[in-house]
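Only one structure is covered here, and it is reproduced in the block below.
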Amino acid sequence: MSGIRHLVSIKDLTDKEFSILVDRAEYFKSIFKSNETNEFQKNHLKLLGRTIALIFSKRSTRTRISTEGAATFFGAQPMFLGKDDIQLGVNESFYDTTKVVSSMVSCIFARVNHHDEILQLCEHSSVPIINSLCDMFHPLQAICDMLTIKEHLDYSKNKLKVAWIGDANNVINDMAIACLKLGMDVAVATPPGIELDQGIVNAGKEISERNNTKLTTTHNSVEAAKGAHILVTDTFISMGEEYAKVAKLKQFKGFQIDAELAKHADPNYKFMHCLPRHNEEVSDEIFYSKHSIVFEEAENRLYAAMAAIDVFVNNHGNFDDLK
Ligand code: CP
Ligand code: NVA
């Protein structure tokens, strides 16, 4: 493998690097929303005349829009390559596709099925790979979520508890690691028979020891929600799991975040969700309540994508100059 730095999971970054990445997202948000944008862009169109490829084998609203917007912000042309657009998987191998695409673009954002596909891309690509969701991780979502928590509850000043009530999936895998790295406690409640990945539990323990944080897992949603400053969930049926829908929905009975469960959280709790959302995981009453920050969270995906391009493409994964 070359010396190129890729963004595969938050767990591959040091605590400091991850904190810098979130700060970069915050910085780009302030630039983008201020009148300085034009001045900034004139000096920072670092990718003018370049392309950024989005190899997406699954649907996307937020990740696609934010990545295309972020590429444009730096002057690059985003190039969306959906599963029906290119030869990959039908006429051409992963290896050949990776070699060819990476020879012509500055960076590849990839949304794939299996984690192993991200690793293969990293192995054979001549440009940075940004994991844009696989079955194990969703690092761009975690950057955005940490920025959103920072804005609303400031984890650098307050000891926060984040309660995840839902599936043990790609989103919580990176989110748990992200929270622990930034000093928050995490409680994960899943139905019996669904357990947080052991690798995440082990990594979480190691991070918690140095950061004085706590990762707890339970099958009791009330226990997880107790005193939480953030209640968060995601779909119970991730993309690619549609075949298991009936059985999983049965398994998740009683795991909806509703007003009854929210009574156990801190009175000023916030509700988060990466979206897209379905009624079974959160009631309308909570999703559209004053506690819900889901739409600000969605907007922050744009700044997370900007931070990822800036760090991994513009700065070649070198965090030293960004401290
Ligand atoms: N949160 C998220 O990744 O949304 P999309 O699937 O719409 O990109
Ligand atoms: N866990 C969900 C996240 C969607 C953004 C999925 O993988 O489909």
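Of the residues GLY193, GLY227, GLY183, GLY240, which is surrounded by fewer than 21 Cβ atoms within 10 Å (Cβ to Cβ), modelled with pLDDT of 95 or more, in contact with a Phe, Trp or Tyr (Cβ under 8 Å, 6 or more places away or on another chain) and not in a helix (DSSP H, G or I)?
Just a single option satisfies the conditions, and that option is GLY183.
Test of understanding: among SER102, SER66, which residue is assigned to a helix (DSSP H, G or I), assigned by TED's automatic domain parsing to the domain that holds ALA307, away from ligand 1 (no atom under 16 Å from the Cβ) and among the polar types (S, T, N, Q)?
SER102
Looking at PHE109, PHE73, PHE94, can you tell me which residue is more than 16 Å from ligand 1 (Cβ to nearest atom), closer than 23 Å to GLU26 by Cα, assigned by TED's automatic domain parsing to the domain that holds ALA305 and in contact with a helix residue (DSSP H, G or I) (Cβ under 7 Å, 6 or more places away or on another chain)?
PHE73
Pick from the range 294-320 the residues that are within 16 Å of ligand 2 (Cβ to nearest atom) and among the acidic types (Asp, Glu): which of them is surrounded by the most Cβ atoms within 10 Å (Cβ to Cβ)?
GLU297
Name the one entry in MET104, MET79 that is among the aliphatic types (A, V, I, L, M), surrounded by fewer than 15 Cβ atoms within 10 Å (Cβ to Cβ), touching a residue at least 12 places away in the same chain (Cβ under 8 Å) and closer than 26 Å to ASP310 by Cβ.
MET104
Given the options ILE118, ILE108, ILE52, ILE86, name the one that is touching a Cys at 6+ places or on another chain (Cβ under 7 Å) and not in a helix (DSSP H, G or I).
The unique qualifying residue is ILE52.
For the range 128-139, does any single residue satisfy the condition of being within 16 Å of ligand 1 (Cβ to nearest atom), under 24 Å from LEU302 (Cα atoms) and part of a helix (DSSP H, G or I)? Let's see the steps before the verdict.
Of the range 128-139, the ones within 16 Å of ligand 1 (Cβ to nearest atom) are 130-139.
Adding the requirement that they be under 24 Å from LEU302 (Cα atoms) leaves 130-139.
Still in the list and also part of a helix (DSSP H, G or I): 139.
There is at least one residue in the range 128-139 that is within 16 Å of ligand 1 (Cβ to nearest atom), under 24 Å from LEU302 (Cα atoms) and part of a helix (DSSP H, G or I).
Within the group LYS46, LYS58, LYS16, LYS99, which residue is more than 23 Å from the chain's Cα centre (by Cα) and under 26 Å from MET146 (Cβ atoms)?
Unique residue meeting the criteria: LYS46.
Taking into account only those residues within the range 65-76 that are under 15 Å from GLU299 (Cα atoms) and of a type in the set (Val, Ile, Thr), which is surrounded by the fewest Cβ atoms within 10 Å (Cβ to Cβ)?
Looking at the filtered set, the residue picked out is ILE65.
The values are calculated or read from the model by the stated rules, or taken from the named source; none is laboratory data. What you see is a predicted model, and the numbers here were worked out from it, not measured in a lab. Because the Cβ atoms are built from the backbone with ideal geometry, glycine has one as well, and the counts that use them run over all protein chains shown.
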